[in-house]
Structure formats: C-alpha cells, structure tokens
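The values are calculated or read from the model by the stated rules, or taken from the named source; none is laboratory data. Everything numeric here is computed off the predicted structure, so don't read it as measured data. Cβ sites come from the backbone with ideal geometry, for glycine too, and all protein chains shown count toward neighbours. The protein model used for the area step is the full one, side chains on, heavy atoms only, and it has no ligands, DNA or RNA in it. Shrake-Rupley method; radii C 1.70, N 1.55, O 1.52, S 1.80 Å.
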Amino acid sequence: MLNVDNSWRNIASPDFTPYDALDPEKKILLNGADLFSPDPCLPSHVIEATKRALDEGRTHYSLANGYAEPELREALLRKLKEFNGLDVDPQRELLVIPSSALGLYLAIRVCITPNTGDEVLNISPGFAENINDVVQMGATNVLVPVTQEHGFHIDPADIESRITEHTRCLVLTNPNNPTAVVYTRDELLEVAKILERHNLIAVVDQDFERQVYSGSYTTFANLPGMRERTITVFGTSKDLGLTGFRVGYMVVPRELFGMLKIAIFNMHGPTNTFAQLGVAAAYNDPAYADAWVDLMRERRAYGQSVLDAIPGVKCPLPEGGFYFWVDISALGTSEQVRDWLIHDAQIGVGLGTWFGADGEGFLRVMYGAVPDEDTYKEGIRRMDVSLRKLATIQHVVA
C-alpha cells in the first residue's frame, strides 16, 4: 500500500460512487456535477470572441498585467467598479487565475505555514473545497457552526470565541454554498471589526455574487478597513456560465500581490489566453447571464413551494445562489435519503455532509444544474412523489 495521507478524504469529500446506480436513460442530476446554467449557455458573442482569439493566434502565455489579457483587464476593471464598487490598480491588486478553485487554495495558503498548528476559521456548513484545502495544506480547520434556528446567518461573537493565537484567517463564501444565505452588511461589519481587532485576513469567495434575489449585496473588501486585509476570489462559472473556460480573478492586498503572482505561475502558469478573450466578451455584454437570474427566481419559487409542502421536509426560500438547502432529518440521515432518491426516483442530489458534519440531516438540491424547464419540473415532481412515499413509510405526517 502506498504511504500517502488520505485523511482529507474523510472531511467534506464528495463520493460520487452511489450515482453509478442511476439509469443513464432516466436519471436527473440535481447535484450540480458539471452544469451551472441553462443549456445552451454560451451566447454567440462569447463563442465568436473565443474563435477570433484562436484565429488571431492568441495562444501564448498571458504574462503582463497580472496574467490578464488587455481586453479582459479592462472589462474586469469596469465590472469591479460598477458592480463591486472597487477601484482596482491592475498592476498591484488584480490577478487573473485559472479557476476560482485555485485562487481560493492559494489565498488560504499564503495565510498559513504548513504543519505548524496554524488554524483557519471556516463557516459550517460551508463549501467543501475550502474545508478540504485547509487539511491538504497542513493546517487545522476551526469550524464555526451556523444553525437553522438563526437562518444560517453568522453570529459574530461565535467567530470571535473561536479565535486563538494560532488563527490566521477567516474563509467566507457569500452567498454561502450550500445554505444559500446572503450575509447582511450589518453582520459583515461586525465580522470586519473582529478581524481588525485580531489582525486577521479574510478570504472571501464571491462566485455567486450575481445570484442574489432581493436586497443589496455587500462586497466585503469595501467595508471600512477591509481592503488591505481581504483576498477576494471571483469566478466566471456561476457568474457567466463559463464552467469549462476555467477563468477566475482575484483582488488582493498590494503587499500580497507579488507572492500570489509567483504562486500562480509556479502551481499552474498563466490562465488560458483565448478563454480570457471569451470571458472579456461575456463581461462586456452580460445581459444573457442577467436574464438567468430571473429564470432562477422562477425555479426557486416553484421548487421551494413543492419541496416545503412535503411531510417531514423543510425547504426555506434561498436568499442567493441556485440551490436549496433542504432539511430531511425527519425522514432519515442525509445518506439514507440520498440513496432512497437514487433508487426510487433516479434523482441525484448532494449530501449535506459533503459540506461538513454540520450538514447532517440536509440535502443540497441544485435548481441551476439542469438544462431546461421540463427536466427541472420533472425532477421536482419525482422528488415530491418519492419523498412523500418515504414519509409514509417512516410514519411522518404533515
């Protein structure tokens, strides 16, 4: 047996093996395996810009401007100012990266020294990769539980109570994945005060920032005193539906820019050049992605009204993202109910425990991960029938 460390596989690690039981002809995946937008998701202007970049020979390394091609750099500077309220120096604060996943890994990595007892605060339930990253790089997760009783919102005092001399940073995903909570400005202001008080860095994942259904969105780096202590990671997979392009970007404190730039080059190299041109075209004309928010709002309302009416099921209306965080604890464990849906309804959903132990008793159901409305409604219909059948078997009544 190979002498390797597999401990990270036991912490918030998806195991897709049970999905082998799904019938390829009948299955409907509501677990977000690889699709984060309706199909077809690429508009013609994005396709044409990507093809044009290839025709023009734009296939070499993007080395200047934080690895950003000039067209993408200008599009990002405009987007960051208009949407996020951030005036960014492209030479010292903006980095283009080959996926937000790598950006999040590197953002946490620059905060810690491996195998020295350093600690990272992670919200739980929280995004599985962020929890896994900490373990893989030789640091310790300190999980900050958020509860259904408080709408899965943050209790700033709970964060502060877990800070020790070994704490190095706090990781926030906003909107949260999987709880679909959008943190308010007031609660984030309290978190900001705590970080300043303890001289800590915030690593903020804003992949779902466009998918907010009501109210305003707060960019954490805009809060008083946070610009110089926040590493913000942005993606284009959820924002623009460009999952296969693997283009993300970061806004970072100036003192960390050089370190992160070297780390990106050493670990991966610059981001795909011609994909950057496609992303630039998308940000220059993002109306197609804005229209998806209206579509997701309709899917959200329909799915929530059906799921929340099932005996033994609680499904609050998501504040952001495009997934339901469904309490099925009255029907069984997360794994039991997931397996029931696979075998009884040919439906694939996400285990709550993928997102940490605090996710037990929940399922994540993606309403943005199906190609069309008929497929989505059929998936919700099957869940309704199947879970009602399970409720009867478990003697759960409304």
> Out of segment 304-345, which residues are open to solvent by less than 50 Å² (accessible area, probe 1.4 Å), over 20 Å from Q394 (Cα atoms) and in contact (Cβ under 8 Å) with a residue 24 or more places away in the chain?
Replying inline: P318, G320, G321, F322, Y323, F324, W325
> Considering I131, I108, I154, which residue is farther than 26 Å from V88 by Cβ and open to solvent by less than 10 Å² (accessible area, probe 1.4 Å)?
Replying inline: I131
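State all residues of segment 336-364 that are part of a helix (DSSP H, G or I) and over 22 Å from the mean Cα position of the chain (by Cα); if no residue qualifies, say none.
Q336, V337, D339, W340, L341, I342, H343, D344, A345
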> Would you call G278 closer than 18 Å to Y367 by Cα and either open to solvent by less than 20 Å² (accessible area, probe 1.4 Å) or of a type in the set (K, R) (or both)?
Replying inline: no
> Hey, among E69, E74, E48, which residue is more than 30 Å from L200 (Cβ to Cβ), open to solvent by less than 30 Å² (accessible area, probe 1.4 Å), acidic (D, E) and over 22 Å from the mean Cα position of the chain (by Cα)?
Replying inline: E69
> Here is a list of conditions, (1) open to solvent by 40 Å² or more (accessible area, probe 1.4 Å); (2) within 27 Å of I262 (Cβ to Cβ); (3) of a type in the set (A, V, I, L, M, F, W, C), and L143 meets all of them except one; can you say which number that is?
Replying inline: (2)
>> Go through (1) over 27 Å from Y217 (Cα atoms); (2) in a loop (DSSP other than H, G, I, E, B); (3) without any contact (Cβ under 8 Å) to a residue 12 or more places away in the chain for D87 and report which single condition fails.
In response: (1)
> For L172, which of the numbered conditions (1) buried (at least 18 other Cβ atoms within 10 Å of the Cβ); (2) modelled with pLDDT of 95 or more; (3) in contact with a helix residue (DSSP H, G or I) (Cβ under 6 Å, 6 or more places away or on another chain); (4) not small (G, A, S) fails to hold?
Replying inline: (3)
> Say we look at segment 363-385 and pick out the residues that are modelled with pLDDT of 95 or more and surrounded by fewer than 20 Cβ atoms within 10 Å (Cβ to Cβ); which of these is nearest to R297 (Cα to Cα)?
Replying inline: K377
>> Scan segment 115-123 and tell me whether some residue there is surrounded by fewer than 19 Cβ atoms within 10 Å (Cβ to Cβ), more than 14 Å from N176 (Cβ to Cβ) and within 20 Å of the chain's Cα centre (by Cα).
In response: no
